[in-house]
Amino acid sequence: MANPKNSGSTKFADLKQRILFLLGALVVFRIGAHIPVPGVDAAALTELFSKANSGLFGMLNMFAGGSLERFSIFAIGIMPYISASIIIQLASEILPSLKELKKEGEAGKRTITKYTRYATVLLAAAQAFGTAVFLYNQPGMVVTPKVEFFVSTIVCLVTGTMFLMWLGEQITERGIGNGISLIICAGIAAGIPAGISKLLTLISQGSMSWFTALLIVVGALALTYAVVFVESAQRKVPVQYAKRQVGNKIMQGQSTFMPFKLNMAGVIPPIFASSIILFPTTILSWFGADDKLSWFGKIAGYLQHGQPLFIIFFACAIIFFCYFYTALVFSPREMAENLKKSGAFVPGIRPGQQTSAYLEKVVLNLTFFGAIYIAIVCLIPEFLTSAVNVPFYLGGTSLLIMVVVTMDFRTQIASYVMSSQYESLMKRSQGRLGGKR
C-alpha cells in the first residue's frame, strides 16, 4: 500500500517541477529577446526608436517584450499567432466545415489547431516581410545586401514566432497557467525597469516635476487596485438541489451558488483588439506611412495613440471581443441542461429553456459592464498620457494583462495545491478503511 505522505510530497514535487519549467521557459524567452537578426545597424535602430517609441512601434515593442527595438529573433513576437487565432475562431462561426470540426471533440480541436499554425506561418511571413521593407527603406539602417537581408530577416522572424508559439504550448502543458498569456506578461514586465528609468531621467532633466511623477505613480497604483477589486467581483446565482433517493436513504436538498465573474473574457479582448489595430497599421507601413502628406501617412497618423480614431476603434474592438469571446467559452443552454440532469434548479426559474434564458440574461448584463470596465481601464492612460504630455506610452492594456494574468496564475497554483491536499486526504481515508478491514 502506498504511503499517503509520499503521494502528497510527490504531488508537491510535481508542482515544483512545473514552476521550475515555467521559469526556465521564460528565461529562454528573455535570452531570445536579446539575440539580434543580422544585417541591421544597431545605432541607427536605437535612434529610430528614440524618435517613434510612443506610436505603432511602442505597441509592437510592448507585446514583443522589447525585442523590436533590439530587432531580435522575437521582434514580431506572438501577435501573428493571436491574429491567426482570431481569424480561425471567427471563421469557425461562419464556415460550416469548421463548425463541424468543432463538434468532433478532440480530433476536431487538433485539426483546428493545425489550421491556426498554418495561418500563423502566413501572417508571420507577411509581417516579417513588411518589417524588412520598412527597415530597408530607412537610410543607413541595413548593412547587408538586399536579398541576403530579406531572406535572413524573414527566416529569423518567422522561426522566432513559431518558437514562441511552441514555447507557449509547452508552458500550458508542462507548466502552470496559459503559456501565451504568461509570455506576453513576461515581456511587459521586462519593460517596467526601462519605464522607471525613463521617468527618473525626465525628472533629472527637468522635463517633469516630482509632483507630476508622484501623481503618475499614485495613479498607476490606484488603477492597479481598481483592476484587482473588479477582477475579484462575482455575481452569485443561487442553485438549489432537489431531494433525491440514493438506495434506501433520502438525500436532503442542498443550496449553493454558481459564481460568474464580472470580467468573464479576461485579458483576451484587449489583446485581440490590439492585434486588430496592429494589422492595418503594419500594412500601412509597407506603403510609406512615414510620409505624413500621403493618404497612408494620414491614416497611420489617425491610428496613433491618443488620436480620436484610435480611441474609438480600440474601444469598439474591446467591446466586440468581450461579447465574442464570452459567447465562445460560455453556453447558457449547455449549463441549463447540466443543471437539469443533476437535479438542480435556480429558485423561481423553471428548469430547461427558462433557466437557459435567465443565465443568458445574467451573462449579457455582466459582459456589458465588463466590456465598459475593460475599455475604461485601457483608455484612461490614453487620456492621461495626452494630458500630462508624457513622451512615453503608459499602457492600460499592459497593466490589465499583468494584473489579470498574475491573479489567474495565483489562482491556478492555489487550485493545484488544494487538489493535491484533497487527493492526499482521500488516500489517507482509504488507507484507514483498508487497515480496519
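The values are calculated or read from the model by the stated rules, or taken from the named source; none is laboratory data. Source: prediction; values computed, not measured. For neighbour counting, all protein chains shown are included, and Cβ atoms are generated from backbone atoms with ideal geometry for every residue, glycine included.
Since Leu60 meets every condition but one in (1) crowded, with 20+ Cβ neighbours inside 10 Å; (2) at pLDDT 85 or above, which condition does it not meet?
Of the numbered conditions (1) crowded, with 20+ Cβ neighbours inside 10 Å; (2) at pLDDT 85 or above, the odd one out for Leu60 is (2).
Considering only segment 157-166, state which residues are crowded, with 22+ Cβ neighbours inside 10 Å and under 17 Å from Arg30 (Cα atoms).
Leu157, Gly160, Thr161, Leu164, Met165, listed by residue number.
Against the definition (over 25 Å from Ile188 (Cα atoms), surrounded by 15 or more Cβ atoms within 10 Å (Cβ to Cβ) and modelled with pLDDT of 90 or more), how does Ser92 come out, yes or no?
no
Which of the residues belonging to segment 181-199 are touching a residue at least 60 places away in the same chain (Cβ under 8 Å) and among the small types (Gly, Ala, Ser)?
Ser181, Ala186, Gly187, Ala189, Ala190, Gly191, Ala194, Gly195
Identify the residue in segment 74-96 that is more than 23 Å from Gly168 (Cα to Cα) and outside any helix (DSSP H, G or I) and, among all such residues, is nearest to the chain's Cα centre (by Cα).
Among those that are more than 23 Å from Gly168 (Cα to Cα) and outside any helix (DSSP H, G or I), it is Glu93.
Looking at segment 310-367 only, could you name the residues that are closer than 19 Å to Thr256 by Cα and hydrophobic (A, V, I, L, M, F, W, C)?
Correct list: Met335, Ala336, Leu339, Ala344, Phe345, Val346, Ile349, Leu359, Val362, Val363.
Please work out which residue is farthest from Phe257 (Cα to Cα), limiting yourself to segment 188-246 and to residues that are loosely packed, with under 15 Cβ neighbours inside 10 Å and of a type in the set (Phe, Trp, Tyr).
The extreme case among them is Trp210.
Scanning for something over 25 Å from Ser398 (Cβ atoms), modelled with pLDDT of 85 or more and more than 18 Å from the chain's Cα centre (by Cα), does segment 239-250 turn up at least one residue?
Yes, because at least one residue in segment 239-250 is over 25 Å from Ser398 (Cβ atoms), modelled with pLDDT of 85 or more and more than 18 Å from the chain's Cα centre (by Cα).
In segment 111-219, which helices (runs of 4 or more DSSP H) lie fully inside it and hold 2 or more residues that are modelled with pLDDT under 80 and closer than 23 Å to Ile380 by Cβ?
The helices (runs of 4 or more DSSP H) meeting that bar are 192-205.
Would segment 131-143 turn up any residue that is free of Cβ contacts under 8 Å to residues at least 40 places away in the same chain and in contact with a strand residue (DSSP E or B) (Cβ under 6 Å, 6 or more places away or on another chain)?
yes
Go through segment 256-273 residue by residue and tally those that are of a type outside the set (A, V, I, L, M) and in a helix (DSSP H, G or I).
3
Can Leu68 be described as at pLDDT 70 or above, touching an Asp or Glu at 6+ places or on another chain (Cβ under 9 Å) and surrounded by 13 or more Cβ atoms within 10 Å (Cβ to Cβ)?
no
So in segment 97-139, with the set limited to residues that are of a type in the set (Gly, Ala, Ser) and within 25 Å of the chain's Cα centre (by Cα), which one is nearest to Val37 (Cα to Cα)?
Among those that are of a type in the set (Gly, Ala, Ser) and within 25 Å of the chain's Cα centre (by Cα), it is Ala128.
Which residue is surrounded by the fewest Cβ atoms within 10 Å (Cβ to Cβ), if the candidates are limited to segment 31-46 and must be assigned to a helix (DSSP H, G or I) and in contact (Cβ under 8 Å) with a residue 60 or more places away in the chain?
Ala44
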